[in-house]
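I have placed the structure first, in the form of structure tokens, so that the comments after it can refer back to it.
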Amino acid sequence: MTLSAYLAESTGDDKFKEKALLTANCIKSHIIDAETNLVKDCIINGLTCETESSTLSCHLTGMFLRGLAILATITDDTTWTTLLLEVAKASMQYPDWHDNGILIAGIEGEASENNDQKCLRGCHSCAVDLCHG
């Protein structure tokens with residue numbers, strides 16, 4: 001979804017925007033955990049559209065935030081801005097990912113270490129910046 005949103009933003013081609021919107025709607029409908037508003041790391045059963053995991057992913061949540069920020073900008077649709085703010089707030093309040101209001105997911109390990117959780121921190125910052133500017 002994020003790649004399609006990036007391509008839609010850079011090329012202005014509606015086919016990329018359509019793909020980003022379809023994917024964002026799928027994530028919104030099937031992959032966001034209803035209790036936490038965070039993205040699950042899961043596989044969707046093609047026959048039932050049910051997810052087969054409940055593991056929350058800070059990496060995927062971060063990437064979704066970045067894509068939502070772009071969608072909100074290129075579509076001028078408040079649905080995406082609202083969802084962006086809800087997911088961003090949830091990611092800042094999820095106990096496993098923060099400490100006293102400070103996002104801590106992804107700060108462990110060496111700076112050069114490949115740590116997917118670091119993605120949440122960068123994507124979260126970009127998404128918040130886009131919401132306010």
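The values are calculated or read from the model by the stated rules, or taken from the named source; none is laboratory data. Keep in mind that what you see is a predicted model, and the values were worked out from it rather than measured. Side chains included, ligands, DNA and RNA excluded: accessible areas come from the protein's heavy atoms. Shrake-Rupley method; radii C 1.70, N 1.55, O 1.52, S 1.80 Å.
See the values below:
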item	result
Extension gain from THR11 to THR78, taking 0.36 nm per residue of separation minus the Cα-Cα distance	21.9 nm
Heavy-atom accessible area order for LYS28, LYS40, largest first, 1.4 Å probe	LYS28, LYS40
Most to least accessible of PHE16, PHE64 (protein chains only, probe 1.4 Å)	PHE16, PHE64
Rounded accessible area of SER29 (nearest 10 Å², 1.4 Å probe)	80
Probe 1.4 Å - accessible area at ASP14, Å² to nearest ten	90
